[in-house]
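Remarks on the structure that follows.
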């Protein structure tokens, strides 16, 4: 079944149809996605929710071009990431996709400014200019004065904020976040997600967030529930409030 709702904008940022993913471990096949259908429009923020193991991270990893699908079709800003060669896919991802990983993936030998600047440096910007741009974002996520610190000197929540700044630094058209508030206290998580939401509201951009954090659901346009590798149902923050009233 195709579970879609069409927002007021008509430009489609992501169109996934019948997406399948199977992980092979020895003689065992683990089915992560069983024909997932999803459309995300520009100017939209969607949150993917559901029980652990239902396929959320697999789906966003495929959308971001980090993981190959085993079936179905996908277009992200008019391109199928899987149809691109490895080098072309990496270049496309650098230009178009920001990804906030659950594990942070910071480089311990670099300062946090250098970590946040990596997408710009990889695109050819000189290190000084890239770090200056990264420092502006680090200030916006509450890390002013820590720009020259190493990741090891930061708490888990602070490292998460560096990862978010890194994902935002190249003004991605698609921002994909995997549990971005999991290491943050309530106030900091809300402030960071409000910054993420500002990105999603910009013309030509969209945000997809995997989260179990109900405190940030009100920032979404749609809350997309997954179960057993498929889209199960779609709600809005308003419909959730009426259900819990």
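The values are calculated or read from the model by the stated rules, or taken from the named source; none is laboratory data. Since the model is a prediction, treat every value here as computed from it, not as a measurement. Cβ atoms come from the backbone with ideal geometry, glycine included; neighbour counts cover every protein chain shown.
Which members of the stretch 40-56 meet the condition of being in contact with a strand residue (DSSP E or B) (Cβ under 8 Å, 6 or more places away or on another chain), surrounded by fewer than 20 Cβ atoms within 10 Å (Cβ to Cβ) and at negative phi?
Within the stretch 40-56, 51 is the sole residue that qualifies.
Within the stretch 100-117, can you find the residues that are touching a residue at least 40 places away in the same chain (Cβ under 8 Å), touching a helix residue (DSSP H, G or I) at 6+ places or on another chain (Cβ under 6 Å) and buried (at least 17 other Cβ atoms within 10 Å of the Cβ)?
100, 104, 106, 112, 115, 116, 117 - these are the residues of the stretch 100-117 that are touching a residue at least 40 places away in the same chain (Cβ under 8 Å), touching a helix residue (DSSP H, G or I) at 6+ places or on another chain (Cβ under 6 Å) and buried (at least 17 other Cβ atoms within 10 Å of the Cβ).
Please determine, by comparing only the residues of the stretch 141-160 that are part of a helix (DSSP H, G or I) and touching a helix residue (DSSP H, G or I) at 6+ places or on another chain (Cβ under 6 Å), which one is nearest to residue 44 (Cα to Cα).
Restricting to residues being part of a helix (DSSP H, G or I) and touching a helix residue (DSSP H, G or I) at 6+ places or on another chain (Cβ under 6 Å), the top hit is 159.
Does residue 88 count as in contact with a helix residue (DSSP H, G or I) (Cβ under 6 Å, 6 or more places away or on another chain) and at pLDDT 90 or above? Let's see the steps before the verdict.
Numbers: in contact with a helix residue (DSSP H, G or I) (Cβ under 6 Å, 6 or more places away or on another chain): no; at pLDDT 90 or above: yes.
When the stated conditions are applied, residue 88 does not pass them.
Restricting attention to the stretch 202-217, which residues are exposed (fewer than 14 other Cβ atoms within 10 Å of the Cβ) and assigned to a helix (DSSP H, G or I)?
Answer for the stretch 202-217, where residues must be exposed (fewer than 14 other Cβ atoms within 10 Å of the Cβ) and assigned to a helix (DSSP H, G or I): 214, 215.
Residue 91 fails exactly one of the following numbered conditions: (1) in a helix (DSSP H, G or I); (2) surrounded by fewer than 17 Cβ atoms within 10 Å (Cβ to Cβ); (3) in contact (Cβ under 8 Å) with a residue 40 or more places away in the chain. What is the number of that condition?
Against the list (1) in a helix (DSSP H, G or I); (2) surrounded by fewer than 17 Cβ atoms within 10 Å (Cβ to Cβ); (3) in contact (Cβ under 8 Å) with a residue 40 or more places away in the chain, residue 91 comes up short only on (3).
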